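**Student:** I'd like to ask you about the structure that follows.
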Amino acid sequence: MKRRAFFALPLALPAVPSLAALLTGEEPAEGPATGLLVAAGQDRFGKSFEYLGARFDLKVSGQDSNGALSIYDTTRFEKTGPSLHTHTNLDE
């Protein structure tokens, strides 16, 4: 498996609840009954925020996914980013 595909796999699993449930042995959670569209450059609730030289737009909130995940679209104004780090108590 190519490195890029390997790293993308954990990101894709939550998007396919039945596959994620099959691989983890958990029952799939009920998701929202309808989809939603958040346009490019827009925030789910119209509350974008800027932090450390970047703008963060919430695309999917915990309210939309029964607390399973949240997704932010980040726009950097300069070629910078966080330093290499880990979160030992979070999935990221």
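The values are calculated or read from the model by the stated rules, or taken from the named source; none is laboratory data. All values reported here derive from a predicted model rather than from experimental measurement. Note that we place each Cβ from the backbone using ideal geometry, even for glycine, and neighbour counts take in every protein chain shown.
**Student:** Quickly run through the range 70-92 and pick out the residues that are aliphatic (A, V, I, L, M) and surrounded by fewer than 14 Cβ atoms within 10 Å (Cβ to Cβ).
**Tutor:** Within the range 70-92, Leu84, Leu90 qualify.
**Student:** Keeping to the range 26-51, report how many residues are of a type in the set (D, E, K, R) and at pLDDT below 85.
**Tutor:** Residues in the range 26-51 being of a type in the set (D, E, K, R) and at pLDDT below 85: 3 in total.
**Student:** Failed condition for Gly62, given (1) touching a Ser or Thr at 6+ places or on another chain (Cβ under 9 Å); (2) among the small types (Gly, Ala, Ser); (3) surrounded by fewer than 11 Cβ atoms within 10 Å (Cβ to Cβ), with all others met?
**Tutor:** Status for Gly62: all satisfied but (3).
**Student:** Test Phe56 against the stated conditions and say whether it is at pLDDT below 90 and among the aromatic types (Phe, Trp, Tyr).
**Tutor:** Against the criterion (at pLDDT below 90 and among the aromatic types (Phe, Trp, Tyr)), Phe56 does not qualify.
**Student:** Something else about it: Among the residues of the range 39-55, write down those that are in a strand (DSSP E or B) and either buried (at least 16 other Cβ atoms within 10 Å of the Cβ) or of a type in the set (Ser, Thr, Tyr) (or both).
**Tutor:** Tyr51, Ala54, Arg55 - these are the residues of the range 39-55 that are in a strand (DSSP E or B) and either buried (at least 16 other Cβ atoms within 10 Å of the Cβ) or of a type in the set (Ser, Thr, Tyr) (or both).
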